[in-house]
Amino acid sequence: MNTNIATKTKITVAKGDGIGPEIMQATLDIILAAGAQLDIEDVEIGEKVYEKGLSAGISQETWDSLRRTKVFLKAPITTPQGGGFKSLNVTVRKTLGMYANVRPCVSYHPFVSTKHPVMDVVIIRENEEDLYAGIEHQQTHEVTQCLKLISRPGTEKIIRYAFEYAKKYNRKKVTCFTKDNIMKLTDGLFHKVFDEIAPEYPEIEAEHWIIDIGAAKMADTPENFDVIVMPNLYGDVLSDVAAQITGSVGLAGSANIGQEISMFEAIHGSAPRRAGQNMANPSGLLLGAVMMLVHIGQGDIATKVHNAWLKTMEDGVHTYDIFREGVSKEKVGTKEFAQAVIERIGQEPTTLKKVTYEKSEPIAVKTSGKKADSRKLVGTDVFLYCEDRDANKLGDSLKACGNDDIELIMISNRGLTVYPNGQPETFCTDHWRCRFMAKDQKSEVSQDTIVALLDRVNKAGFDFIKSEGLYYFDEKPAFSLGQGQ
Ligand code: NAD
């Protein structure tokens, strides 16, 4: 029996576009030279697939391969200009449930110039929900909306992943960034779940920052952070900031982790202007491949590759993007850089911190299935399109649509309460949120009551865009008040 074949892990590899094929070749040459046990399925994604008319840039054969191997090492692709093309990354991540994006952002002072010599931060970004659900509407001539969806299971998965990651890699602290002083329900849920899960990891310090000051602190003194977990949009922005301030975005790898299937890549794009010139730096993809090796249980190989790469950095063997006179020693191309790393397999850095990865199982997380015991409908927000900007006039006429079961409580415009007691200085758009509830503002109302209300609103000549149910969960109101209400 050939035992070598038996221990090989199946992976799917896409060489991508632009500089993709060159940096993928360099990456594979290095990890195979270090002894990675891989059974590679090559697939095509990106430009050529888009050109065949597949708008997501990915074919059925690639989906089949990913379901078979469950591990995807992916080079960057070129997204064609113009409409009609969907982002391959977003499609792959969401279709295959890759809920966690992990980006270690490390500075390599004094070998790569950086304003932050002591930086070693891991950004863990929720990858599937938040404003990236992509549910958007134009509702009136003046107002558009995008729904921000934050779910309990989605949040539990990412928060637990962040703590499990910290535990596995001996990190000391997990920081959560949200804006829950403003978004009390959505970001509030993210923060609440963070507070619920943190005590299960007493050995790890847990802290929460409001995102604005947190981001400022991270950009100013990143050495005070360790692992940072946050919702999708904040993570998208701040993971690029964090990678950039290490000195170069070109050095960061990224992992997209799912319950079943995971994807590993560089954070940069396909740099078409540098393609085919043996210039590109393969380090981002290589560090993505290091995360892949750890994920598939080949931590010993990941250790060898990462330390050889650190030693190459230290020895001043640099590609053009990080080469600096006086700091670097040798300017090399992609192939020569790969060769330099291969020559250093078995060596360790002396100035930079060496790494050690244990052989381990991938991080797996569970959700609690926790639900509220009770849910009670107590009213509705009816959204109206109305060109007349007189809030008092609108309120007074809309009041007539109420009855003993449900009455108009307030109207807001862009979240600010403008009825009753609107102020003349307030700017109003053509988009009004009109809240109807029982007189005591907490008694249950039926769906029939709401449907009948909408019928009266419609028959009275109001143009309603949508209605939103107002609920109590576990006897507590689960909707925001109008600002100033
Ligand atoms: P880019 O990251 O490709 O390039 C930005 C700059 O960084 C360029 O000046 C480039 O020369 C340099 N650069 C990037 N990677 C480098 C490397 N490994 N070595 C040396 N220099 C490097 O960003 P862009 O130009 O905005 O995008 C180009 C294409 O890549 C676009 O089609 C974009 O949609 C796509 N893209 C793909 C991914 C992905 O597949 N994950 C991510 C981002 C962008």
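The values are calculated or read from the model by the stated rules, or taken from the named source; none is laboratory data. Predicted, not measured: the structure shown is a model, and the values here were computed from it. Cβ placement follows ideal geometry from the backbone for every residue including glycine, while neighbour counts extend to all protein chains displayed. Only protein heavy atoms, including side chains, enter the accessible area calculation; ligands, DNA and RNA are left aside. Shrake-Rupley method; radii C 1.70, N 1.55, O 1.52, S 1.80 Å.
Values as computed for the structure displayed
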item	result
Reach of Lys15 by Cα under 23 Å, taken over lysines that are not fewer than 8 positions away in the same chain	Lys48, Lys52, Lys70, Lys74, Lys86, Lys94, Lys335
Cα lying deepest toward the dipole's positive end in segment 5-343, options Ile257, Gly57, Ser151, charges on Cβ	Gly57
Mean separation of Cα contacts under 8 Å (6+ apart) over length of the chain, as relative contact order %	16 percent
Solvent-accessible ranking of Ile228, Ile245, largest area first, probe 1.4 Å	Ile245, Ile228
Within segment 278-345, GluC sites (Glu not before Pro) in DSSP loop having at most 14 other beta-carbon neighbours inside 10 Å	Glu325
Calculated FRET value between Thr356 and Glu200, using beta carbons and R₀ = 30 Å, to 0.05	0.70
Amide H within-cut-off set for Leu470, under 5 Å, with H built and near neighbours excluded	Val378, Gly379, Thr380, Asp381
Trypsin sites (Lys or Arg not before Pro) restricted to segment 419-483 and DSSP loop, no more than 14 other C-beta within 10 Å	Lys439, Lys442
Cβ crowding within 10 Å averaged over residues, with 73-80, 197-204 ranked highest first	73-80, 197-204
Student exercise, segment 265-335 dipole from Lys, Arg, Asp, Glu Cβ charges, in Debye to nearest 20	200 debye
Accessible surface, 1.4 Å probe, highest first, among residues Thr350, Thr367, Thr155	Thr350, Thr367, Thr155
Dipole magnitude of the chain, debye to nearest 20 (Cβ charges: Lys/Arg +1, Asp/Glu -1, about Cα centre)	800 debye
Most positive-pole-ward Cα, Phe72, His137, Thr178, against dipole of the chain from beta carbon charges	Phe72
Candidate residues Phe264, Phe462: accessible-area rank, largest first, probe 1.4 Å	Phe462, Phe264
Extension gain from Thr429 to Lys172, taking 0.36 nm per residue of separation minus the Cα-Cα distance	87.7 nm
In sequence order, calculated HN-Hα J values of segment 449-460 (Karplus, 6.51, -1.76, 1.60; Hz; x Gly/Pro)	4, 6, 4, 5, 4, 4, 4, 5, 4, 5, 5, 7
For segment 375-477: rounded, prolate or oblate by the Cα gyration tensor [a/c cutoff 1.5]	prolate
Förster radius 51 Å - calculated FRET efficiency between Asp404 and Thr221 (Cβ-Cβ, nearest 0.05)	0.30
Contact order normalised by residue count of segment 375-477, Cα under 8 Å, 6+ apart, percent	47 percent
Protein accessible area in the chain, 1.4 Å probe - carbon and sulfur %	51 percent
Gain in span if fully extended, Gln259 to Gln277, counting 0.36 nm per residue against the direct Cα distance	2.7 nm
Charge dipole (the chain, unit charges on Cβ, about Cα centre) - positive-most of Ala162, Leu453, Ser328	Ser328
Heavy-atom accessible area per residue - segment 352-480, 1.4 Å, Å²	59 Å²
Inter-site label distance for Val327 and Arg375 at 7 Å from Cα along Cβ, in nm	5.5 nm
Set of lysines with alpha-carbon distance to Lys442 below 16 Å, sequence-local pairs under 8 removed	Lys376, Lys476
Hydrodynamic radius (Kirkwood) for the chain, which is based on Cα pairs only, to one decimal in Å	25.2 Å
R0 of 30 Å, Cβ-Cβ distance Ser443-Ser397: FRET efficiency to nearest 0.05	0.75
Probe 1.4 Å, protein heavy atoms only - accessible area per residue of segment 1-99 in square angstrom	45 Å²
Net lengthening on full extension, Lys459/Thr367 (0.36 nm per residue, minus Cα-Cα)	28.5 nm
Rel. contact order, % - alpha carbon contacts under 8 angstrom, at least six apart, segment 98-224	22 percent
Computed accessible area, His295, all protein chains, 1.4 angstrom probe, square angstrom	40 Å²
